Amino acid sequence: MLHDTAALTGRLMKAIVRSPDTIITVAIMPIAFLLLFRYVFGGAIQTGGSNYTNYLLPGILLIAVASSVAYTAVRLFSDTRTGITARFTAMPIARSSVLWSHVLTSLVSNAVTTVVIVGVSFATGFRPRAGLLGWLAFVGILTLVTLALTWISVIPGLTAKSVDGAGAFAYPLIFLPFLSSAFVPTATMPGPVRWFAENQPVTSVVQSLRDLIEGTPVGGDIWVALAWTVGVGMVAYVVAVRKYNTAR
């Protein structure tokens with residue numbers, strides 16, 4: 001399985017290398033949001049004295065991940081509709097390697113996009129205080145989130161009726177950080193919106209990443225974030241595999 005997955009992942013990565021506009025397009029919108037909030041809205045937003053770029057970055061990265069996984073759905077949809085997926089499943093290779101190659105390609109492309117965005121954020125005042133363990137935990141949580149959202153993207157990639165439908169699932173995921181503590185403290189929000197923001201998964205993920213960046217003690221948010229991420233990822237994985245198996 002590992003050899004088959006590596007070969008199929010190499011095929012997808014070659015396509016991205018030949019057409020790097022995917023990574024560039026994914027990075028542009030989050031970077032635009034970073035600059036907009038940092039230099040236009042930042043002066044009017046009070047975050048308790050913390051570095052606002054540090055405050056912003058976790059939410060910006062989640063938007064980048066949500067944007068990127070839409071392309072995973074589109075790539076899988078394209079392979080399915082052109083018959084490439086069916087051809088692979090008829091070959092003497094591990095069936096699971098077809099899906100895992102798309103998932104691993106998503107992880108690699110998101111890692112590249114993340115490095116680009118973090119690099120830009122340093123130019124806008126990003127000053128992390130995390131130590132080595134903090135950074136490892138930061139990367140680990142962001143990887144788990146990427147993995148969970150990627151498995152969600154596999155479902156429309158297999159079931160959508162059009163290429164637009166395959167990518168459209170990501171719109172709510174991109175919008176969700178705006179209804180969280182990603183850009184402003186939830187205490188400034190009106191009652192119903194505040195309740196939703198404080199109890200949806202993005203807020204716990206963002207707060208955990210923010211604490212790790214700042215090098216401050218991570219509270220119970222990290223366990224809530226892990227529970228949401230692992231739970232959603234496992235459900236998405238089971239549904240995606242079932243859809244894949246019943247489509248043969």
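Assorted remarks:
- As for region 177-192, it holds no residue that is within 15 Å of SER67 (Cβ to Cβ), within 13 Å of the chain's Cα centre (by Cα) and of a type in the set (Phe, Trp, Tyr).
- Unique residue being over 15 Å from GLY157 (Cβ atoms), free of Cβ contacts under 8 Å to residues at least 40 places away in the same chain and touching a helix residue (DSSP H, G or I) at 6+ places or on another chain (Cβ under 9 Å) when the list is PHE126, PHE122: PHE122
Each row is one residue, and each column tells you yes or no for (1) part of a helix (DSSP H, G or I); (2) modelled with pLDDT under 95; (3) of a type outside the set (A, V, I, L, M).
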residue	(1), (2), (3)
ARG210	yes, yes, yes
THR216	no, yes, yes
GLY219	no, yes, yes
ILE222	yes, yes, no
ALA225	yes, yes, no
ALA240	yes, yes, no
TYR244	yes, yes, yes
ARG248	no, yes, yes
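- Pairs meeting the criteria (first residue in region 177-204 and within 25 Å of ALA148 (Cα to Cα), second residue aromatic (Phe, Trp, Tyr), beta carbons under 6 Å, at least 6 apart or on different chains) are PHE183/PHE37; PRO201/TRP228.
- Scanning region 142-160 for any residue that is farther than 25 Å from PHE33 by Cβ, in contact (Cβ under 8 Å) with a residue 24 or more places away in the chain and of a type in the set (Gly, Ala, Ser) turns up at least one such residue.
- Pairs are defined by a Cβ separation below 7 Å, a sequence spacing of at least 6 or placement on different chains, a first member in region 220-248 that is touching a residue at least 40 places away in the same chain (Cβ under 8 Å), and a second member that is of a type in the set (Phe, Trp, Tyr); the pairs so defined are GLY233/TRP151; ALA236/TRP151; TYR237/TRP151; ALA240/TRP151.
- When the residues of region 67-91 are filtered to those that are in contact (Cβ under 8 Å) with a residue 12 or more places away in the chain and more than 30 Å from ILE28 (Cβ to Cβ), the one that is surrounded by the fewest Cβ atoms within 10 Å (Cβ to Cβ) is ALA86.
- Criterion violated by THR146 - all others in (1) within 27 Å of VAL193 (Cα to Cα); (2) in a loop (DSSP other than H, G, I, E, B); (3) not hydrophobic (A, V, I, L, M, F, W, C) satisfied: (2)
- The criterion of at least 1 residues that are within 21 Å of the chain's Cα centre (by Cα) and modelled with pLDDT under 85 is met, among helices (runs of 4 or more DSSP H) falling completely within region 1-84, by 2-18, 21-36.
The values are calculated or read from the model by the stated rules, or taken from the named source; none is laboratory data. Since the structure is predicted, the reported quantities are computational estimates derived from the model, not experimental observations. No Cβ is skipped: glycine too gets one built from the backbone with ideal geometry, and neighbour counts run over all protein chains shown.
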